[in-house]
Structure formats: C-alpha cells, structure tokens
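Chemist: Before anything else, here's the structure in question.
The values are calculated or read from the model by the stated rules, or taken from the named source; none is laboratory data. What you are looking at is a predicted structure, and each value in this text was computed from that prediction instead of being measured. So basically every Cβ, Gly included, is an ideal-geometry build from the backbone, and we count neighbours across all protein chains shown.
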Amino acid sequence: MKTPSKIVVVDDNAETLETICLMIRSMNNAEVSGFTSAEELFETMGPEPDVDLIMCDWNMPDKTGLETLQEIRKDGNLTPFIMVTARNDLDSVLEARKFGVNLYISKPFSLNELHQKIRWVMNKNPLDTSNLAFSDDFACGNT
C-alpha cells in the first residue's frame, strides 16, 4: 500500500482554505494540513516543511506566495510548489516560474482540475528542471 501524500495548503482566506483542504481530502491517499499564513506554516513545520507538496495562495498579508516559496527554496528544498491565485496574466505566470513554482492554478478551479494538477506535479522528478516549465495552457490560464 502506498504511503499517503502529505500536502500543505496556505491561504489567508479561511473559507478558501477549508474548501481546498476538503477538495484534497476527497483524493485517495492524501493527508492535508491547512495554514492561514506563511508564519503559521513555518512556526508549525519549520523553514523546510517535510511534506510532499505545498499549495500556496499568492496574495497574503504576512508573506506573499512568492516570498513563502523563496523562504522554502533558500536552502535548496525542492518540495513541489503549486501557486494558487486569481492572477492568470502572462507576466504573473512568468514571475512565478522565475521563482521556481512547479505549477500554477487559477481560481476558480474545479475539483477535477485540482486533482489532475496535484497528480501531475506529484509524479514529476523534483530534480527534473522541466518540472518548472509551463505549457501555453498554464500561461493563458486555460486547462
């Protein structure tokens, strides 16, 4: 039997956080923890969370998603990172890519889309730099 995937979600909006966590819990073999801020994540799990995937909102008051990612990546942590945001313009996608975001998901999204993106990023080799590439579909916000 496969070990459950450990997934962390960070979103300052409590309703959005709970919805995403519920959506992930509907997947087989996934454990999820939710945090309302990057500070809460780091206080609970430390600067290098031992998880399989981090999903993080872009716009948050204490640290942005990009700042959160920079903190996680600063010591070489390659944990897959999905940026969750309402931004879907090309400049935002390219900025996220520059900082090492593995995938980008635009709000609102469906349960099916979320599950597909989680499965895709979890099946990639973290040392494979193509993992950081975005297809035209992602860049345009179309999936």
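Chemist: For segment 30-70, enumerate the residues that are aromatic (Phe, Trp, Tyr) and modelled with pLDDT of 95 or more.
Modeler: Listed by number, the list holds a single entry, Phe35.
Chemist: If you don't mind, there's one more thing I want to ask. Restricting attention to segment 35-72, which residues are among the acidic types (Asp, Glu), within 14 Å of the chain's Cα centre (by Cα) and within 17 Å of Thr85 (Cβ to Cβ)?
Modeler: Asp57, Glu67
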